[in-house]
Amino acid sequence: MEVIERKIRVSPTEAQMLFGPSDQFLQLIEQRFDARIIARGDAILLQGSAQEVSMIERVFSELSFVLSKARTLTRNDVTNVIDIISAGKEVTQNVGELESIVLFTHNQPIRVKTPTQIQYYNAVKKNDIVFAIGPAGTGKTYLAVAMAIAALKNREVTKIILARPAVEAGESLGFLPGDLSQKVDPYLRPLYDAAEEMMTVEKLKSYVERNIVEVVPLAYMRGRTLNNAFVILDEAQNATATQMKMFLTRIGNGSKSVITGDVSQIDLPPKVQSGLVEIQKILKGIEGIEMVYFEKKDVLRHRLVRDIINAYEHYHNEDGTNERAS
């Protein structure tokens, strides 16, 4: 293989911002390519194959463009630019579009699409605990998993934990046939499905085997302290008040947590209070915690999903009117 050498000139100020705090961005680039990157004052020296050197030149060029427009760079900007160029794609010249990318996966990026999704994405970037509450089909869980994988990829966390209440099994979980995995798989399958869309099955399997990604029933999180983790609680409307407190007090140093749920689909027994309903009053106004509320207009699934939600609301409203009239 022929090794070529190329030099890129940058100002000391630009170099500092391109390389990131303690050269973190430079390290991200170095980890993704085999070519050598040598930073010397106002010059970046590249040594490697023609293809790799060319791609690294494009990475620095596009990052310089983003920096000129946004005046700042994030780890996500760096990894997204690397992913897009490595996949042979053209990096958008619209910085706003680049900022909308949560995760670049396979051949297409996962983007935030609605104003509420943008609010959700920004809330997770700024806060350690975020609640996403609203109807099905709004991307609450899907985006949470994408943000978790992006955080892992950017080395912001060292593991991902996906949890969900197994309401239907209740206390009888231990009496179901099979080992723990077989017992809870039906309840955790939606989380696996989301993760499998964002990475190869082999990669996900490797992460699960090494406990880098854990998919667990909520009840099995008691007694743990979760440091440097991205923790997602899905279907949180089915967590009891006690379970919600238990979950929130597991969060350790360097961790983020996203709690998703739809308070119109509570499967708990009638006399059991939903922890997601109660917690909105308890944690209101605490710095570092944000509540994001999705609405019917944010539904991105098949158009009939929104019609179905509207039909149910209309039916229950009419039912309540009829009951009061009688």
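The values are calculated or read from the model by the stated rules, or taken from the named source; none is laboratory data. No experiment lies behind these values; they were computed from the predicted model shown. Cβ: placed from backbone, ideal geometry, glycine included. Neighbour counts: every protein chain shown. Each accessible area value is taken on the protein alone, full model and side chains, heavy atoms only, with ligands, DNA and RNA left out. Shrake-Rupley method; radii C 1.70, N 1.55, O 1.52, S 1.80 Å.
A few points about this structure:
- Scanning the range 121-152 for residues that are in contact with a Ser or Thr (Cβ under 6 Å, 6 or more places away or on another chain) and over 14 Å from Phe294 (Cβ atoms) returns a single hit, Ile129.
- For Ile38: the one exception among (1) within 26 Å of Glu156 (Cα to Cα); (2) part of a helix (DSSP H, G or I); (3) among the hydrophobic types (A, V, I, L, M, F, W, C): (2)
- The listed residues are Gly139, Gly170, and the only one of them that is open to solvent by 10 Å² or more (accessible area, probe 1.4 Å), of a type outside the set (Lys, Arg) and modelled with pLDDT under 85 turns out to be Gly170.
- Residue that is most open to solvent (accessible area, probe 1.4 Å), among those in the range 107-131 that are in contact with a helix residue (DSSP H, G or I) (Cβ under 9 Å, 6 or more places away or on another chain) and under 17 Å from Ser257 (Cβ atoms): Lys125
- Subset of the range 209-231 (residues that are within 18 Å of the chain's Cα centre (by Cα) and among the aliphatic types (A, V, I, L, M)): Ile212, Val213, Val215, Val216, Leu226, Ala229, Val231
- Subset of the range 1-37 [more than 18 Å from Ile82 (Cα to Cα) and in contact with a strand residue (DSSP E or B) (Cβ under 8 Å, 6 or more places away or on another chain)]: Val3, Ile4, Glu5, Arg6, Lys7, Arg9, Val10
So that you can scan it fast, the table gives a plain yes or no per residue for (1) surrounded by 14 or more Cβ atoms within 10 Å (Cβ to Cβ); (2) in contact with a strand residue (DSSP E or B) (Cβ under 6 Å, 6 or more places away or on another chain); (3) under 30 Å from Asn317 (Cα atoms):
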residue: Ala195; (1), (2), (3): yes, no, no
residue: Val216; (1), (2), (3): yes, yes, no
residue: Tyr220; (1), (2), (3): yes, no, no
residue: Met244; (1), (2), (3): yes, no, yes
residue: Ser257; (1), (2), (3): yes, yes, no
residue: Val263; (1), (2), (3): yes, no, yes
residue: Asp267; (1), (2), (3): no, no, yes
residue: Gly275; (1), (2), (3): yes, yes, yes
residue: Ile282; (1), (2), (3): no, no, yes
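- Against the test of being assigned to a strand (DSSP E or B) and under 17 Å from Asp128 (Cβ atoms), the options Phe230, Phe247 yield a single qualifying residue, Phe230.
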